[in-house]
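To start, the structure under review is shown below, and the notes come after it.
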Amino acid sequence: MHKRNALLLTAATLTCLPISSAYAGSIETQNNLVANGAIYVEALDPDRSDWDAITPYQADVDAVVPVLSYGAISIAHDDNYFYFRLQMDSYEEGNADQSWFGAHHQILIDIDQNRSTGWIGGDEDLGTDDDFFAIGADILIEGPAVHAYGNLSNPGGANQEKWTWANIVPWGFVTYDDSPPSDIEIMIPRSDLQNATAFNFVCVTTDATFVTTDAYPTMGIFDPTTQTEADAQYFTYDINYVDPGVDGDLNGDGFVGLDDLDIILSNWNQNVTVGDQADPSGDGYVGLDDLDFVLNNWNAGTPPASVVPEPATLALLGFGGMALLRKRR
């Protein structure tokens, strides 16, 4: 009787949990090691098949079409280089707002992963105090050029709101391909990024007049008059990162949903081998601890194309009823 009541209470309580919550800080970390030379970057080469094995960072959710806007970014590395692929949402030949399509993007990189150093945006020259970056950018990749923050008049970024950069790789000397202009490849020696093993980054685009048209991720730029740093978002690349997988994803499809719930249901109240697929708690018994493992991560991950995310309430109520029927048998 106690177990039955506990199951009902758990189901009723967890149905109230939000399916997702707002993220703060880094919202995705990747590590994509490739063999030396596996990614080939050459001007006027539209073939991108060498990127097929690299999963992009999560897509930009506030795509602005037809104005210049990010779609996604992919990053990889080998022993000698970092590779960047920028996939833009739109490109209209002859559109003034998208002339220099490839050049009007910036990858802002926080090498020391410390927002108190490097450029944070705003506009010190104009005296404005809005639109700050979620990171302190130490390196700027802009078109086929690389810059480091700070110069003789502002060494090390004495004023983080001041746009001031020292050239590392002159314009046109970065290995770079923007054919087509909506799918851009960049290859940069790791030494030009200070041999970093990890960095945070935010991407921005501007129109032909250098007015920002998009930030990626969406909260890579935030307004401190209405938002806080806790709202800010950025991505991370870490060559030592090991993807732990998705908690609650029992069938290994990268998404926590009904298939994973069915694995628990099919083995409910059974003793199983420790470490069995249906025993994420690892105690050798399929029960409430295993149910919690799935429900607390409901709809986490990326659903396969054939799967539609399910409202947690219906799934939980259905599971609670079926589990109790099985118990009665």
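Quick one, what does Rg over Rh come out to for region 171-210 if you take C-alpha atoms and the Kirkwood Rh?
1.02
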Exercise. Taking the highest mean first, how do the peptides 140-153, 105-118 order by number of other beta carbon atoms within 10 angstrom per residue?
Worked result: 105-118, 140-153
For this session: Note down the accessible area of Ser266, probe 1.4 Å, to the nearest 10 Å².
Result: 50 Å²
Problem set entry | Accessible area in square angstrom per residue, region 157-240, 1.4 angstrom probe | 42 Å²
Exercise. Using a ≥ b ≥ c from the Cα gyration tensor of region 25-90 (square roots of the eigenvalues), is it rounded, prolate or oblate, where a/c under 1.5 gives rounded and otherwise the larger of a/b and b/c decides, a/b for prolate?
Worked result: oblate
Exercise. When ranked by the protection proxy of mean other Cβ atoms within 10 Å per residue, highest first, what sequence do the peptides 39-45, 132-138, 193-199 form?
Worked result: 132-138, 193-199, 39-45
Exercise. Under a point spin-label approximation (7 Å from Cα along Cα-to-Cβ), what is the Lys162-Asp262 distance to one decimal in nm?
Worked result: 6.3 nm
For this session: Could you order Val34, Val202 by accessible surface area, starting with the largest, using a probe radius of 1.4 Å?
Result: Val34, Val202
For this session: Would you kindly derive the ³J(HN,Hα) couplings of region 283-298 from the backbone phi angles with the Karplus curve 6.51 cos²θ - 1.76 cosθ + 1.60 (θ = phi - 60°), listing them in order in whole Hz, with x for Gly and Pro?
Result: 9, x, 9, 8, x, 4, 4, 6, 4, 4, 4, 7, 5, 5, 10, 4
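What is the calculated FRET efficiency for Asn240 to Ser191, with r their C-beta to C-beta distance and R₀ = 22 Å, to the nearest 0.05?
That pair, Asn240 with Ser191, gives E of 0.75.
The values are calculated or read from the model by the stated rules, or taken from the named source; none is laboratory data. It should be emphasised that the depicted structure is a prediction, and the values quoted were computed from it without experimental measurement. Methodologically, a virtual Cβ is constructed for each residue, glycine included, from the backbone with ideal geometry; neighbour enumeration extends over all protein chains shown. Just so you know, the surface numbers come from the protein's heavy atoms only, side chains and all, with ligands and any DNA or RNA stripped out. Shrake-Rupley method; radii C 1.70, N 1.55, O 1.52, S 1.80 Å.
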